[in-house]
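The values are calculated or read from the model by the stated rules, or taken from the named source; none is laboratory data. This is a predicted model, so every value here is computed, not measured. Cβ sites come from the backbone with ideal geometry, for glycine too, and all protein chains shown count toward neighbours.
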Amino acid sequence: MLIFKLRFHLALFVFFLMGSCSAPTPPLEPVGPIPSARQHDWQELEYYAFIHFNMNTFTNKEWGFGDEKPSQFNPTALDTDQWARVVKESGMKGIIITAKHHDGFCLWPSEYTEHSVKNSPWREGKGDLLAELAAACKANGLKMGIYLSPWDRNHPDYGKPEYITYFRNQLKEVLTNYGDIFEVWFDGANGGDGYYGGANEERRVDKKTYYDWPNTYELVRELQPGAVLFSDAGPDIRWVGNEKGYANETTWSPIYRDSVYPGMHDFQKFAPGQENGTHWIPTETDVSIRPGWYYHPEEDNQVKSLEKLVDIYFNSVGLNSSLLLNLPVDDRGLIHENETKQLALLADYIQKMKASDKVGSAKITTSSTRNGSTPEALIEGVSTSFWAAEDDDEQPQLTLMWETPQQANTFVIQEHLPLGQRIKSFELELLTEQGWSKVYSGSTVGNKRMIPFESAPILGARFTITSTKATPVISNLAVYNAPFIPKKS
Ligand code: FUL
């Protein structure tokens, strides 16, 4: 009897131990490819400027043939400080400048060609626009990026192996002499007719092999290790697939990088990315604030409206992409007043939207919370802390409740990218005096997903992850009452 009692107590004790010391939750492992440090820093920028300003500004063209004369480049009031001030006040984080476009004219006094500012009347041939812009960016706390067209319709050697040496020598100049560069932009448009030193002919290149991209990229890595490399197909950032300002509703950052290359004719089909892609290559959405990339006086009244700009912002920054908004600097060398006005309106809109965040006053509950994570992380607005569900939670859910109705029109959610992009589909429901109702079903989230809905006084919001590659990991939430929401595009 005594032995039986002892056994019984031992069994109870073991049972108790098992219950109180269940196996600790293992740390979360990344799923699929994840961002590099330079991609992570770039992703946080979200919104920055493209500036198309070069020979085309003076010839009123979009693509110069390459036979233009340096004497045609003659801005009368060029002021890169004005550019930087306008860009900064617009809430953008940097400027990518067309150092050389397809016509081959260089905004810096390149040692390797006569086709540059050094032979122009601007600053009596002593000017260096890249140096002026670098100083203006630095003074205004902006980052600077370089667009260097691989296609050069002026150069006699374009299409021959010698041109690659020329192209790389120019890359060395622009990546060595102007401080830190945050992004290097390689255009996919290249090869075709041109001046080519007077040959006036058509020159086609094999876009996949001609530039020997792996070694060209390597050169950029050596000279500017912090810079992200953009081309249609990466290696760091990829093209969103259109120039209208719209990312795809489903946007996976990973793609199978080895099956794509810059300038491939059907690259658009990769706009949604690939759920099981092998490399992390997020999209960048490039769009001009006017119809053209370059300044044309006849487009002075066609600067995009605030409604259109907001629509673009929601469909780029809010669809796991970044917004590279082009400003065509005019032939005086200034950002035109009509642009300045629209940019200020957009900045005001974004500022008011962000200031209206209601998450701080919500009570947040979750369907489960994995050890080591916390729902508190969702209101901090930093990308380093996060909330994660338990592995066995089949329908992870975040619920926000308010004691009094909150006027709102936008829900924002961000995934914690150092652990990979995970969410495959979700639903958003809102609670009003009329009860709960579903307002949106969507697919991917990624860096940031903004979900606009018809403005309503809400008492609750419920975000349900209906399918995911692995345990979802969320870094931030916001609920805004933006000044207005864009009409469905
Ligand atoms: C295109 C170019 O051909 C346009 O001129 C412009 O620079 C745009 C950003 O990229 O491919």
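Of everything in region 241-287, what is among the basic types (Lys, Arg) and either in contact with a Pro (Cβ under 6 Å, 6 or more places away or on another chain) or more than 23 Å from Tyr147 (Cβ to Cβ) (or both)? Give them in sequence order. I'd like the intermediate steps shown before the answer.
Filtering region 241-287 down to residues among the basic types (Lys, Arg) leaves 244, 257, 269.
Lys269, the sole residue that qualifies.
Looking at Pro26, Pro70, which one is more than 29 Å from the chain's Cα centre (by Cα) and not assigned by TED's automatic domain parsing to the domain that holds Ile335? Walk me through it before giving the result.
Working: Pro70 fails: not assigned by TED's automatic domain parsing to the domain that holds Ile335.
It is Pro26.
Looking for whichever is aliphatic (A, V, I, L, M), touching a residue at least 40 places away in the same chain (Cβ under 8 Å), touching a Phe, Trp or Tyr at 6+ places or on another chain (Cβ under 9 Å) and assigned by TED's automatic domain parsing to the domain that holds Phe167 here; the options are Ala131, Ala77, Ala84. Which one fits? Before the answer, list the steps.
Working: Ala77 fails: touching a Phe, Trp or Tyr at 6+ places or on another chain (Cβ under 9 Å); Ala84 fails: touching a Phe, Trp or Tyr at 6+ places or on another chain (Cβ under 9 Å).
Step by step, each of Ala131, Ala77, Ala84 is checked, and only Ala131 is aliphatic (A, V, I, L, M), touching a residue at least 40 places away in the same chain (Cβ under 8 Å), touching a Phe, Trp or Tyr at 6+ places or on another chain (Cβ under 9 Å) and assigned by TED's automatic domain parsing to the domain that holds Phe167.
Would you please name the residue that is surrounded by the most Cβ atoms within 10 Å (Cβ to Cβ), looking only at residues in region 206-257 that are among the charged types (D, E, K, R) and either part of a strand (DSSP E or B) or in contact with an Asp or Glu (Cβ under 7 Å, 6 or more places away or on another chain) (or both)?
First, the residues of region 206-257 that are among the charged types (D, E, K, R): 206-208, 212, 218, 221-222, 232, 236, 238, 243-244, 249, 257.
Then drop every residue that is not either part of a strand (DSSP E or B) or in contact with an Asp or Glu (Cβ under 7 Å, 6 or more places away or on another chain) (or both), which leaves 238, 243.
Values: Arg238: 26, Glu243: 13.
Per the stated criteria, the residue is Arg238.
Please work out which one of (1) loosely packed, with under 15 Cβ neighbours inside 10 Å; (2) closer than 30 Å to Leu133 by Cβ is the condition Gly263 fails and give its number.
Exception for Gly263: condition (1).
Condition test on Tyr256, is it more than 14 Å from the ligand (Cβ to nearest atom) and touching a residue at least 40 places away in the same chain (Cβ under 8 Å)?
Working: more than 14 Å from the ligand (Cβ to nearest atom): yes; touching a residue at least 40 places away in the same chain (Cβ under 8 Å): no.
Answer is no for this residue.
Of all residues being part of a helix (DSSP H, G or I) and of a type in the set (Ser, Thr, Tyr) in region 168-205, which is nearest to Pro235 (Cα to Cα)? Just the residue, please. Even if it seems obvious, please write down each step before you answer.
Step one: of region 168-205, the residues part of a helix (DSSP H, G or I) are 168-176, 196-198.
Checking the rest, the ones that are also of a type in the set (Ser, Thr, Tyr) come to 176, 196.
On the way: Thr176: 21, Tyr196: 29 Å.
In this case the residue turns out to be Thr176.
Which numbered condition in (1) outside any loop (DSSP other than H, G, I, E, B); (2) of a type outside the set (Ser, Thr, Tyr); (3) farther than 30 Å from Lys160 by Cβ; (4) at pLDDT 95 or above is the only one that Gln268 fails?
The one condition Gln268 does not meet is (4).
Condition (residue is in a strand (DSSP E or B) and among the hydrophobic types (A, V, I, L, M, F, W, C)) applied to region 275-288: is it met by at least one residue?
Taking region 275-288 as the starting set, the residues that turn out to be in a strand (DSSP E or B) are 279-280, 283-288.
Imposing the further condition that a residue be among the hydrophobic types (A, V, I, L, M, F, W, C) reduces the set to 280, 287.
Among the residues of region 275-288, at least one is in a strand (DSSP E or B) and among the hydrophobic types (A, V, I, L, M, F, W, C), which makes the answer yes.
Name the residue that is farthest from Tyr261 (Cα to Cα), counting only residues in region 272-303 that are away from the ligand (no atom under 13 Å from the Cβ) and β-branched (Val, Ile, Thr).
Val303
Of everything in region 336-382 that's of a type in the set (Asp, Glu) and not in a loop (DSSP other than H, G, I, E, B), which residue is surrounded by the most Cβ atoms within 10 Å (Cβ to Cβ)?
Taking region 336-382 and keeping what is of a type in the set (Asp, Glu), we get 337, 339, 348, 357, 376, 380.
Still in the running and not in a loop (DSSP other than H, G, I, E, B): 337, 339, 348, 376.
On the way: Glu337: 11, Glu339: 24, Asp348: 14, Glu376: 10.
The residue in question is Glu339.
Considering only region 440-453, I want to know if a residue exists there that is without any contact (Cβ under 8 Å) to a residue 60 or more places away in the chain, hydroxyl-bearing (Ser, Thr, Tyr) and under 20 Å from Gly318 (Cα atoms).
Yes - at least one qualifying residue is present in region 440-453.
Taking region 267-301 as the region of interest, how many residues are loosely packed, with under 14 Cβ neighbours inside 10 Å and either closer than 23 Å to Asn326 by Cα or touching a helix residue (DSSP H, G or I) at 6+ places or on another chain (Cβ under 8 Å) (or both)?
Residues of region 267-301 loosely packed, with under 14 Cβ neighbours inside 10 Å: 268-269, 276, 291, 297-298, 301.
Right, trim to either closer than 23 Å to Asn326 by Cα or touching a helix residue (DSSP H, G or I) at 6+ places or on another chain (Cβ under 8 Å) (or both) and you get 268, 291, 297-298, 301.
Final tally of qualifying residues: 5.
Given the criteria touching a residue at least 40 places away in the same chain (Cβ under 8 Å) and surrounded by fewer than 21 Cβ atoms within 10 Å (Cβ to Cβ), does Gln421 qualify?
Values: touching a residue at least 40 places away in the same chain (Cβ under 8 Å): yes; surrounded by fewer than 21 Cβ atoms within 10 Å (Cβ to Cβ): no.
No.
Confirm whether Gly333 is at positive phi and either at pLDDT 95 or above or not assigned by TED's automatic domain parsing to the domain that holds Phe73 (or both). Step through it out loud before you land on a result.
Numbers: at positive phi: yes; either at pLDDT 95 or above or not assigned by TED's automatic domain parsing to the domain that holds Phe73 (or both): yes.
Yes, satisfied.
Run Leu400 past the list (1) in contact (Cβ under 8 Å) with a residue 12 or more places away in the chain; (2) of a type outside the set (Gly, Ala, Ser); (3) within 24 Å of Ala247 (Cβ to Cβ) and report the number of the one that doesn't hold.
Result: Leu400 fails condition (3) only.
Only one of Gly179, Gly159 is on the phi > 0 side of the Ramachandran plot and either more than 23 Å from the chain's Cα centre (by Cα) or among the aliphatic types (A, V, I, L, M) (or both). Can you tell me which?
Numbers: Gly179 fails: either more than 23 Å from the chain's Cα centre (by Cα) or among the aliphatic types (A, V, I, L, M) (or both).
Going through Gly179, Gly159 in turn, the sole match is Gly159.
If a residue must be of a type in the set (Lys, Arg) and either under 28 Å from the mean Cα position of the chain (by Cα) or not assigned by TED's automatic domain parsing to the domain that holds Asn56 (or both), how many such residues does region 104-128 contain? Lay out the reasoning, then the answer.
So in region 104-128, the residues of a type in the set (Lys, Arg) come out as 118, 123, 126.
Subsequent filtering for residues that are either under 28 Å from the mean Cα position of the chain (by Cα) or not assigned by TED's automatic domain parsing to the domain that holds Asn56 (or both) retains none.
Here the count works out to 0.
Within region 386-413, can you find the residues that are touching a Lys or Arg at 6+ places or on another chain (Cβ under 6 Å) and surrounded by fewer than 21 Cβ atoms within 10 Å (Cβ to Cβ)?
Selection gives Glu390, Thr399, Met401, Gln406.
Give the number of residues within region 98-126 that are buried (at least 19 other Cβ atoms within 10 Å of the Cβ), in contact (Cβ under 8 Å) with a residue 24 or more places away in the chain, away from the ligand (no atom under 16 Å from the Cβ) and outside any helix (DSSP H, G or I).
Summing the residues that are buried (at least 19 other Cβ atoms within 10 Å of the Cβ), in contact (Cβ under 8 Å) with a residue 24 or more places away in the chain, away from the ligand (no atom under 16 Å from the Cβ) and outside any helix (DSSP H, G or I) in region 98-126 gives 6.
If Trp213 satisfies all but one of (1) within 16 Å of the ligand (Cβ to nearest atom); (2) touching a Pro at 6+ places or on another chain (Cβ under 9 Å); (3) closer than 21 Å to Trp42 by Cβ, what's the number of the condition it fails?
(1)
Residues of region 60-94 being touching a strand residue (DSSP E or B) at 6+ places or on another chain (Cβ under 8 Å) and either within 14 Å of the ligand (Cβ to nearest atom) or in a loop (DSSP other than H, G, I, E, B) (or both), which ones?
Across region 60-94, the qualifying residues are Phe65, Gly66, Ser90, Gly91, Met92, Lys93.
Just to be sure before I move on: is Gly188 under 24 Å from Leu324 (Cα atoms), within 16 Å of the ligand (Cβ to nearest atom) and touching a residue at least 40 places away in the same chain (Cβ under 8 Å) in the structure I sent?
Values: under 24 Å from Leu324 (Cα atoms): yes; within 16 Å of the ligand (Cβ to nearest atom): yes; touching a residue at least 40 places away in the same chain (Cβ under 8 Å): yes.
Against the criterion (under 24 Å from Leu324 (Cα atoms), within 16 Å of the ligand (Cβ to nearest atom) and touching a residue at least 40 places away in the same chain (Cβ under 8 Å)), Gly188 qualifies.
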